[in-house]
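Right, one structure below, let's go through it.
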Amino acid sequence: MGEFELISRYFSNSGARRQDAAIGVGDDGAVLQIRDGYDLVVTTDTMVAGTHFFPDDDPRALGHKLVTVNVSDLAAMGAEPAWLSLALTLPAVDEDWLAAFSAGLHETAEYYNCQLVGGDTTRGPMSLTMIAKGIVPRGKALTRSGAKVGDYVYVTGTLGDAALGLKLCQGLHEVSKKHQTHILQRFHYPSARVALGQALRNIASSAMDLSDGLYSDIQHIMKRSDVGASIDVSRLPLSQAVKDSCDQTTAMQLALSGGEDYELLFTVPEAKRGSLDVLLSPYGTPVSCIGRITGVAGKLELKHGEQPFSYQPTGFVHFV
Ligand SMILES: [Mg+2]
């Protein structure tokens, strides 16, 4: 048996078994059945060793993260995740690594009800690429381009946890014992806000997921929607772990420029704001209102309460 045939064995039965995957792994292509009245949503993410992760990172966590970052993009579009494809480039065949990586990929794909329906393996510097496909009721996909002046800006969960986890792994920041598990979990095993994304379909005017940090990501919504935004940094949601581990300046830096939280950033028109708490309460993920959309296109204004807040953005670097 050739080594790449061996690799394909690890992934031939991965994730959930879906009725709508008529033909999955094993043919030249997958055949997928899309329900009447639905649109297909497609997204791709690549993780490169040395850029997005440490080469000696736990392979099970890498398998988990690769699925999650892709599914998170589907969540941001309000889509239901369905199918995954994998393009794997590895310097050599390491069976222990493959077993752990495929286990992480498998269990996470199953958790999000996704089936791995195809892939490719090649030899080369380590690089992990996934294509995720999801479905959304026709015309209901959330986009970055629908924010309107006066809309309220929201985020899910807490910000800066994953970035603190990275600093902890790099030995650049101390975190007390009682918070370490939470912080490392948020960095190595992030969650995609899938149910919440779908719940936002009829509420949010725009949405995206936070991969590079709020300060940089919100500018995508501003650009695509041709608006500005005013953010009150005193309302940024911080975990107890970040509050206890960082001074205020560091906490703000993590919350504004820390990457890889995979929380959702979205805007809500005034008229739909009243029903938001009730509609989202069953999902168990807190949402926080952090500001408003303004008419000054391209201008991101930061405030602390009523005071202006000056901030030098440190562009998020995945890996130092
Ligand atoms: Mg994204």
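Among strands (runs of 3 or more DSSP E) entirely within region 180-275, having at least 2 residues that are under 18 Å from the mean Cα position of the chain (by Cα) singles out 206-209, 264-268. Among the residues making up region 221-231, a single one is touching a strand residue (DSSP E or B) at 6+ places or on another chain (Cβ under 6 Å) and within 14 Å of the ligand (Cβ to nearest atom): 221. Looking at residue 297, is it open to solvent by 50 Å² or more (accessible area, probe 1.4 Å) and assigned by TED's automatic domain parsing to the domain that holds residue 187? Yes; evaluated as a whole, the condition is true for this residue. Residues in region 166-183 that are buried (at least 20 other Cβ atoms within 10 Å of the Cβ), modelled with pLDDT under 95 and under 21 Å from residue 59 (Cβ atoms): 166 only.
Filtered by the rule that a residue be open to solvent by 20 Å² or more (accessible area, probe 1.4 Å) and either acidic (Asp, Glu) or farther than 15 Å from residue 192 by Cα (or both), region 125-139 gives 125, 126, 127, 129, 131, 137, 138, 139. Scanning region 10-47 for residues that are assigned to a loop (DSSP other than H, G, I, E, B) and among the acidic types (Asp, Glu) yields 20, 28, 36. The residues of region 45-71 that are of a type in the set (S, T, N, Q), within 14 Å of the ligand (Cβ to nearest atom) and open to solvent by 30 Å² or more (accessible area, probe 1.4 Å) amount to a single one, 46.
Among the candidates 74, 98, 88, 105, single out the residue that is crowded, with 18+ Cβ neighbours inside 10 Å and within 16 Å of the ligand (Cβ to nearest atom). Walk me through it before giving the result.
Working: 98 fails: within 16 Å of the ligand (Cβ to nearest atom); 88 fails: within 16 Å of the ligand (Cβ to nearest atom); 105 fails: within 16 Å of the ligand (Cβ to nearest atom).
The unique qualifying residue is 74.
Counting only residues that are under 28 Å from residue 97 (Cα atoms) and either surrounded by 14 or more Cβ atoms within 10 Å (Cβ to Cβ) or of a type outside the set (Asp, Glu) (or both), region 24-41 holds 5 of them. Answer with yes or no whether residue 211 is polar (S, T, N, Q), away from the ligand (no atom under 16 Å from the Cβ) and crowded, with 20+ Cβ neighbours inside 10 Å. It is false that residue 211 is polar (S, T, N, Q), away from the ligand (no atom under 16 Å from the Cβ) and crowded, with 20+ Cβ neighbours inside 10 Å.
Out of 80, 5, I need the residue that is buried (at least 16 other Cβ atoms within 10 Å of the Cβ), of a type in the set (Asp, Glu) and away from the ligand (no atom under 16 Å from the Cβ). Which one? I'd like the intermediate steps shown before the answer.
Numbers: 5 fails: buried (at least 16 other Cβ atoms within 10 Å of the Cβ).
Sole residue among the options that is buried (at least 16 other Cβ atoms within 10 Å of the Cβ), of a type in the set (Asp, Glu) and away from the ligand (no atom under 16 Å from the Cβ): 80.
The values are calculated or read from the model by the stated rules, or taken from the named source; none is laboratory data. Source: prediction; values computed, not measured. A quick note on method: Cβ atoms are made from the backbone with ideal geometry, for glycine too, and the neighbour counts reach across all protein chains shown. Accessible surface areas use protein heavy atoms only, side chains included; no ligands, DNA or RNA. Shrake-Rupley method; radii C 1.70, N 1.55, O 1.52, S 1.80 Å.
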